[in-house]
Amino acid sequence: MTDYFDIILDSYEGSARYLWKIISAPLSNGRISGFYFLIIISILIWGLEVLFPWRKNQNKIRKDFWLDSFYMFFNFYLFDVIIFAVVVKLTYTFFLKGIIAIGYNKGVLFNLSDLNWLVQMIIFFVLVDLVQWVVHKFLHTVPFFWKFHKVHHSVKEMGFAAHLRYHFAESMVYKPAKYVTMSLLFGFAFENIFYIYFLSTLIGHLNHANLGWDYGPLKYLLNNPKMHIWHHAKVLPDSHPKGMNFAISLSCWDYLFGTSYIPKDGRDIELGFPGDEKYPESFIGQVLEPFKSED
C-alpha cells in the first residue's frame with residue numbers, strides 16, 4: 001500500500017512540475033509546448049472557419065463555443081495532466097504487478113524500441129488509432145458507456161473545440177487502452193510521442209471544424225469534416241443503428257470494417273441524439289448527467 005501512496009505523491013508532484021513547465025516555457029528543446037500548440041492551432045483553425053465556413057448561417061462564435069473551449073483545456077490539462085496522470089500510473093503499476101505474478105518477466109511481445117524513432121512513431125500512430133477506433137465503437141454499443149459518450153454528442157453546432165468536449169470518464173477507457181498496452185506489448189520508446197500528440201490534435205480539430213473538406217482521394221485514409229459530420233447525425237440510418245464513421249484520425253478503419261457512411265452532403269443535417277433537447281447545457285450538468293439513475 002505504501003508503494004501506491006508513493007506513486008500517487010510522485011505523480012502529483014511530477015504533473016504539477018510538468019504543467020508549470022509547459023505554461024511557463026512556450027519553447028523547450030527547440031519545440032513548442034503542447035499547451036501553446038493547442039492555443040495556436042485552435043486560433044488558426046477558428047480563423048479558417050471564419051474565412052471559409054461550410055455552414056455559412058452558423059455564427060462565428062457558435063453555440064457553446066466557450067463551453068467547448070473550457071472542455072478543451074479542462075480535459076487536456078486540468079484533468080489529464082493533474083488527475084489522470086495518477087490514474088494511468090496506478091493502473092500501469094497494478095497491471096504490471098498482476099502479470100508478473102503469473103510469470104511475466106518484463107519483456108514485451110514485440111520489442112520495437114530499437115527501430116528508428118520515425119518508424120516507431122508511424123507504427124505507434126497506426127496501432128493507437130486502431131485501438132481508439134475499437135474503443136470508440138465500444139462507447140457507442142455498450143449502453144453504460146454511451147451514457148458518458150453522450151456528452152460529446154450533445155454538440156448541436158460543429159466547430160473545432162467540439163473535438164475536446166467529452167466526459168472525463170472516457171479517459172479512463174481510452175488512455176489505459178492506448179498507452180499501457182502499447183508499452184507492455186510493443187515496448188515503444190515514448191521520447192518523441194509529442195509528434196503523435198500534435199498530429200492527432202490537429203486532425204481532431206479539423207474533423208470537427210466548420211469546414212467543407214474531405215481531402216480528395218486521401219479521404220479513404222484520413223478522417224475529415226465531411227465524413228465526421230455524419231458521425232454526429234441525430235437520426236441514425238437503419239443500416240447503422242449504433243452509429244457510423246467511428247474513425248479518430250484514420251478513416252481507413254471504417255472503410256475496412258464496413259462502418260463508413262456518407263450518403264450525401266451532410267452540411268445541414270441535424271446533430272445530436274434523440275432526446276437531447278432535455279440534456280443539460282452546463283458543464284457541471286453534463287458531467288453529472290451520466291451518474292443519474294434512469295427512471
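Residues in segment 1-21 that are surrounded by 13 or more Cβ atoms within 10 Å (Cβ to Cβ) and either modelled with pLDDT of 70 or more or not in a helix (DSSP H, G or I) (or both): none. The single condition among (1) open to solvent by less than 10 Å² (accessible area, probe 1.4 Å); (2) closer than 25 Å to Pro143 by Cβ; (3) assigned to a loop (DSSP other than H, G, I, E, B) that Ile229 does not satisfy is (3). Does Ile269 count as surrounded by fewer than 20 Cβ atoms within 10 Å (Cβ to Cβ) and in a helix (DSSP H, G or I)? The answer is no for Ile269. Scanning segment 189-207 for residues that are assigned to a helix (DSSP H, G or I) and under 15 Å from Gln132 (Cβ atoms) gives Ile196, Tyr197, Leu199, Ser200, Thr201, Ile203, Gly204, Asn207. Among the residues of segment 208-218, those identified as part of a helix (DSSP H, G or I) and either in contact with a Leu (Cβ under 7 Å, 6 or more places away or on another chain) or more than 21 Å from Lys56 (Cα to Cα) (or both) are Gly216, Pro217, Leu218.
Total residues in segment 151-172 satisfying the condition of being assigned to a helix (DSSP H, G or I) and surrounded by fewer than 20 Cβ atoms within 10 Å (Cβ to Cβ): the figure is 5.
If you go through segment 249-266 and keep only what is open to solvent by 30 Å² or more (accessible area, probe 1.4 Å), out of contact with any Pro (no Cβ under 8 Å at 6 or more places or on another chain) and either within 14 Å of Arg165 (Cα to Cα) or not hydrophobic (A, V, I, L, M, F, W, C) (or both), you end up with Tyr255, Gly258, Ser260, Lys264, Asp265. Checking each residue in segment 272-281 for being surrounded by 10 or more Cβ atoms within 10 Å (Cβ to Cβ) and either more than 13 Å from His231 (Cα to Cα) or touching a Gly at 6+ places or on another chain (Cβ under 9 Å) (or both) picks out Asp276, Tyr279, Pro280, Glu281.
The values are calculated or read from the model by the stated rules, or taken from the named source; none is laboratory data. These numbers were taken from a predicted model, which means no experiment stands behind them. Note: ideal-geometry Cβ built from the backbone for every residue, glycine included; neighbour counts use all protein chains shown. Please note that ligands, DNA and RNA were not included when accessible areas were found on the heavy atoms of the full protein model with its side chains. Shrake-Rupley method; radii C 1.70, N 1.55, O 1.52, S 1.80 Å.
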